[in-house]
Amino acid sequence: MIRKIIHIDMDAFFASVEQRDNPQYRGKPIAVGHSGTRGVVMTASYEARKFGVRSAMSSKYALKLCPNLIFVASHFDVYKNASKKMKEIFLRYTDLIEPISIDEAFLDVTENKLNISSATIIAKKIKQNIKDELKLTATAGVSINKFLAKVASGLNKPDGLNVIKPGETEKFIDQLPIKKIPGIGKVTGEKFENLGVKLGKDLKKLELQFLLNKFGKQGKYFYNVVRCFDNNPIKTNRIRKSIGAELTFSEDIDDIGAMLLKLEKIAVIVENRMNKISTYGKTLTLKVKYFDFKQITRSKTLKEEVKTKDELFEISKKLFFSHDVEKRPVRLLGIYLSNLTGKKEKPKILQMDFDF
């Protein structure tokens, strides 16, 4: 049963929006984020990426790589509006949309509203719609499942389109470098290289039990994707796993009273987020990152849902004062709720057999 899946990924989304709306930034290396000593790059333009600037990189290091880098403040309302319009474009073609983040999504177009038989043609139309209406570019990957569509979209950014047809999947996976597989980062990639695994065909030679022993639950994912066993349907209603908030401080905090005030502020934010979506949780996790970047988490599961900022604060405070939490300068505090209560809808599965 062959499905037609498109992965749409906006190109350097935040930075591209800023360049679109501010002509003075066009053609220049920019980074959306804060340039201070604690600043982090949220998104870098392609002009900045040529120097090695990447998302989540410290602003200080980014400036070393690219001394002419221009830092731009974020405008999330503008980004959200562009994301909303992007989804409106998707809905012209299909209702089977799985948002991954504010700037990317999977679409199942096996059956579609315009009865277009080619997923490739739909991807081209969507890219053109985005270009004409949003004045932005997107890269698309097209294939028979989400894994291959996502890999395809990462091959020729920006403004690219890559298609892996049903008859090409095995050859493509065999020659796919391991580091191109989503979920394989630097550390996991090094583990595979130590095992002599460099390409998909090398990974295929490893038995499931061996992968489970080496990589835990992830081993099954690695075993399946290189055999094209990924048949996960588009999840039109993604199940939220946690609700939370965290604050990173411009300067390390070493005063316990100040830390508690910050925790109370975070509790208010989390309460607002819970109430907004009418979802609550039974497991609270406190996150602490120290001045030396060491990070710990401490959790407590309760019999009843946590619903108020007072409950959030009191439980977080108890975890904070537990005997194994070090009392030393911190740079970040966070509160998260999991084990959520709320309606879970089964994702709609659609599999039809058409020409690709």
Report yes if some residue within region 267-278 is in contact with a Leu (Cβ under 6 Å, 6 or more places away or on another chain) and either within 20 Å of GLN175 (Cβ to Cβ) or of a type outside the set (Val, Ile, Thr) (or both); otherwise report no.
yes
Please work out if ILE121 is modelled with pLDDT of 95 or more and not basic (Lys, Arg).
yes
Just to be sure, is PHE76 under 14 Å from ILE8 (Cα atoms) and within 19 Å of the chain's Cα centre (by Cα)?
no
Filter region 171-214 for residues that are under 13 Å from ASN224 (Cα atoms) and either of a type in the set (A, V, I, L, M, F, W, C) or in the same structural domain as ILE144 (by TED's automatic domain parsing) (or both) and give the result.
ILE173, ILE181, LEU203, LEU206, LEU208, LEU211, LEU212
Just to be sure I understand, how many residues within region 269-282 are crowded, with 16+ Cβ neighbours inside 10 Å and more than 17 Å from LEU332 (Cβ to Cβ)?
6
Using the structure shown, decide if LYS201 is on the phi < 0 side of the Ramachandran plot, modelled with pLDDT of 90 or more and surrounded by fewer than 16 Cβ atoms within 10 Å (Cβ to Cβ).
yes
For GLY52, which of the numbered conditions (1) within 19 Å of the chain's Cα centre (by Cα); (2) within 28 Å of LEU148 (Cα to Cα) fails to hold?
(1)
Pick out, from region 93-168, the strands (runs of 3 or more DSSP E) lying fully within it that include 1 or more residues that are of a type in the set (Gly, Ala, Ser) and within 26 Å of GLY183 (Cβ to Cβ).
97-101, 104-108, 138-143
With the requirement that a residue be surrounded by 13 or more Cβ atoms within 10 Å (Cβ to Cβ), modelled with pLDDT of 90 or more and farther than 17 Å from GLN295 by Cα, what does region 228-261 give you?
ILE243, LEU260
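The values are calculated or read from the model by the stated rules, or taken from the named source; none is laboratory data. If you're wondering where the values come from, they're calculated on a predicted model, not measured in any experiment. Glycine also receives a Cβ, built like all others from the backbone with ideal geometry; neighbour counts cover every protein chain displayed.
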